[in-house]
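Trainee: Okay, handing you the structure first.
The values are calculated or read from the model by the stated rules, or taken from the named source; none is laboratory data. None of the values given here were measured: they were computed from a predicted structure. Neighbour counts run over all protein chains shown; Cβ positions are idealised from the backbone, glycine included.
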Amino acid sequence: MKLSKTWHEKALPFIHHSTITQRKLFIRSRNMRYINSTLDNRSCNLPKSAYIHIPFCVRKCFYCDFAVIAGKTVNWYDTYISHLLREIESTLDYFKRKYQKLPDLETIYFGGGTPSLLPSVYLSQILHSLQKYVNFACNVELTVEMDPGTFDLSKARDFSALGVNRVSVGVQSFDDSLLKLCGRSHDSKEIYKAWDILRMAGFTNVSLDLLSGLPTQSGEVFKDSIQKAISLDPEHLSCYDLIVEQKTPFGKKYQNGIYPLPSEDDAAAMYIFASCRLREQGYEHYEVSNYGKPNYLSRHNQVYWRNQSYYGFGMSATSYTELKRFSRPRKLLSYFDWVKQLEMIQNGEVECREESLQDQAVDTLILGLRMKQGISMDEFEKQYGQQLSWQIKEAAQPWIESGHVVSTYDCNGQLQNLALQDPEGFLLQNSILISLLEKSLWNKSSSKYHKTPS
């Protein structure tokens, strides 16, 4: 995020196959400098996390550019889930044949779309399919995104009985006029009803999603939503600033920073308010857009931010396995065809290039600086070499002096850790990242910024 005229270069959207929902990595360079290290330094750990995409929605929100199927989708459930199960089993069979024993899954995340539209029998089938090949850790974090108005007490209890122990609720706002403007399928009354149902069903780890920077949204309206969210006492909150995507109804109607969207300064003020108010209430601002009570930080999302490997299953889902970052087709029929190819031709193996060491370093820097804890420069140097580590440290110095980057030193005066200041550094995240990358990983004369597929 950024203050004033540069606000909309703000913090890189979240790489979440969800909630980000998968959001997109914004910045990547085709032209990298050589890193003084070897490919042997790279980690190729097997995944301990899985993301599963359920694309069905009651309706598609006007700001949404995720791969979803909206409307009367019940007739697609059987066909989609059958292909999803085939993908899961083909993929895990490949890994089982290659590595014999797979690590237990520590986190599983059902995103969408609206996974809570699915009858529990489908959820059971998916979990059973996973367990044919891999065990679940005894303390597995199993999250399902659930929208108000899409589930009742019976379904919530069924999900809980299947092992779901964390729920992410797509609230977005407590203001009915904004919900209608955004094309949401629920109102504020249904938010409170959903909350009561989840607590009655025994869920003790519930996250609420809120949006800032919406059309006509004033600072006072946003503050009211924050206060109402706090009054429910959720274990976790995610506060995302609206990203106006070109191909959405919002993208065709609105321009960043121009009324009725909030001004850049007003949007920044909303971010600062959320950070300060939620920290006052005991929530840790552990990532650019995420806040959690102690022991309730999202373990699954931290896998992304730590640039660790994970399985991805379903239409449009991204996986990161064997140093390959791969996005599945975004169209339903194209996904079905791809699953057939995966089974019949690829024998369960995803075909795409491995990420280079340079790609790895870029991702580690971009994702790691999203987190409050930042990046250990000792670990970064071990992984990517002394020369690159030195370049990053040198490029960070002006930001350290300005107070936007927090630095930690050892007893010998050596820089050990870099992290962004909250909220000032988070607000300028893109500018900071670009300056670090231009002086280290990007060839300044020819670097190009482009989006990667979600």
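Trainee: Look through segment 86-141, keep the residues that are of a type in the set (Phe, Trp, Tyr) and closer than 21 Å to Asp152 by Cβ, and return whichever of them is nearest to the chain's Cα centre (by Cα).
Mentor: For segment 86-141, the residue satisfying everything is Phe110.
Trainee: Please determine, by comparing only the residues of segment 275-305 that are touching a Gly at 6+ places or on another chain (Cβ under 8 Å) and either of a type in the set (Ser, Thr, Tyr) or at pLDDT below 95 (or both), which one is nearest to Thr364 (Cα to Cα).
Mentor: So the residue we want is Tyr286.
Trainee: Evaluate the following for Arg166: is it of a type in the set (D, E, K, R) and in contact with a Ser or Thr (Cβ under 8 Å, 6 or more places away or on another chain)?
Mentor: Judged against the criteria, Arg166 is a match.
Trainee: Mind listing whichever residues of segment 109-124 are closer than 26 Å to Arg59 by Cβ and of a type in the set (S, T, N, Q)?
Mentor: Thr114, Ser116, Ser120
Trainee: Please indicate, with yes or no, whether at least one residue in segment 248-262 is in contact with a Phe, Trp or Tyr (Cβ under 6 Å, 6 or more places away or on another chain), assigned to a strand (DSSP E or B) and not hydrophobic (A, V, I, L, M, F, W, C).
Mentor: Checked against the condition, which is being in contact with a Phe, Trp or Tyr (Cβ under 6 Å, 6 or more places away or on another chain), assigned to a strand (DSSP E or B) and not hydrophobic (A, V, I, L, M, F, W, C), segment 248-262 yields no hits at all.
Trainee: Are there helices (runs of 4 or more DSSP H) fully within segment 77-184 with at least 1 residues that are small (Gly, Ala, Ser), under 30 Å from Leu242 (Cβ atoms) and modelled with pLDDT of 95 or more? List them.
Mentor: Once the helices (runs of 4 or more DSSP H) in segment 77-184 are filtered for at least 1 residues that are small (Gly, Ala, Ser), under 30 Å from Leu242 (Cβ atoms) and modelled with pLDDT of 95 or more, what remains is 153-161, 176-181.
Trainee: Here's another thing I want to ask about it. Would you mind stating whether Val164 is surrounded by fewer than 22 Cβ atoms within 10 Å (Cβ to Cβ), under 25 Å from the mean Cα position of the chain (by Cα) and over 30 Å from Lys253 (Cα atoms)?
Mentor: When the stated conditions are applied, Val164 does not pass them.
Trainee: What are the residues in segment 362-380 that are over 19 Å from the mean Cα position of the chain (by Cα) and buried (at least 18 other Cβ atoms within 10 Å of the Cβ), if any?
Mentor: Met377, Phe380
Trainee: Still on this structure, I have one more. I need the full set of residues from segment 197-211 which are over 15 Å from His236 (Cα atoms) and assigned to a strand (DSSP E or B), in order please.
Mentor: Of everything in segment 197-211, nothing turns out to be over 15 Å from His236 (Cα atoms) and assigned to a strand (DSSP E or B).
Trainee: Any residue that is β-branched (Val, Ile, Thr) and within 30 Å of Ile226 (Cα to Cα) - is there at least one of those in segment 315-338?
Mentor: No, there is no match, as no residue in segment 315-338 is β-branched (Val, Ile, Thr) and within 30 Å of Ile226 (Cα to Cα).
Trainee: Output the number of residues of segment 413-422 satisfying the condition of being assigned to a strand (DSSP E or B) and under 19 Å from Ile434 (Cβ atoms).
Mentor: Residues meeting the conditions: 3.
Trainee: Oh, and also: Say whether the condition of being farther than 30 Å from Glu89 by Cβ, within 15 Å of the chain's Cα centre (by Cα), part of a loop (DSSP other than H, G, I, E, B) and not aliphatic (A, V, I, L, M) is met by at least one residue in segment 280-303.
Mentor: Scanning segment 280-303 turns up at least one residue that is farther than 30 Å from Glu89 by Cβ, within 15 Å of the chain's Cα centre (by Cα), part of a loop (DSSP other than H, G, I, E, B) and not aliphatic (A, V, I, L, M).
Trainee: Next question, about the same structure. Kindly indicate the residue of segment 381-412 that is more than 26 Å from the chain's Cα centre (by Cα) and among the aliphatic types (A, V, I, L, M) and also nearest to Leu436 (Cα to Cα) among those meeting that condition.
Mentor: Ala395
Trainee: Looking only at segment 242-263, which residues are within 21 Å of Val288 (Cβ to Cβ) and among the charged types (D, E, K, R)?
Mentor: Glu245
Trainee: Please determine whether any residue of segment 44-66 is modelled with pLDDT under 95, of a type outside the set (Phe, Trp, Tyr) and farther than 30 Å from Phe151 by Cβ.
Mentor: yes
Trainee: Could you look through segment 381-412, keep only residues that are surrounded by fewer than 16 Cβ atoms within 10 Å (Cβ to Cβ) and not in a helix (DSSP H, G or I), and pick out the one that is modelled with the lowest pLDDT?
Mentor: Per the criteria, the residue is Asn412.
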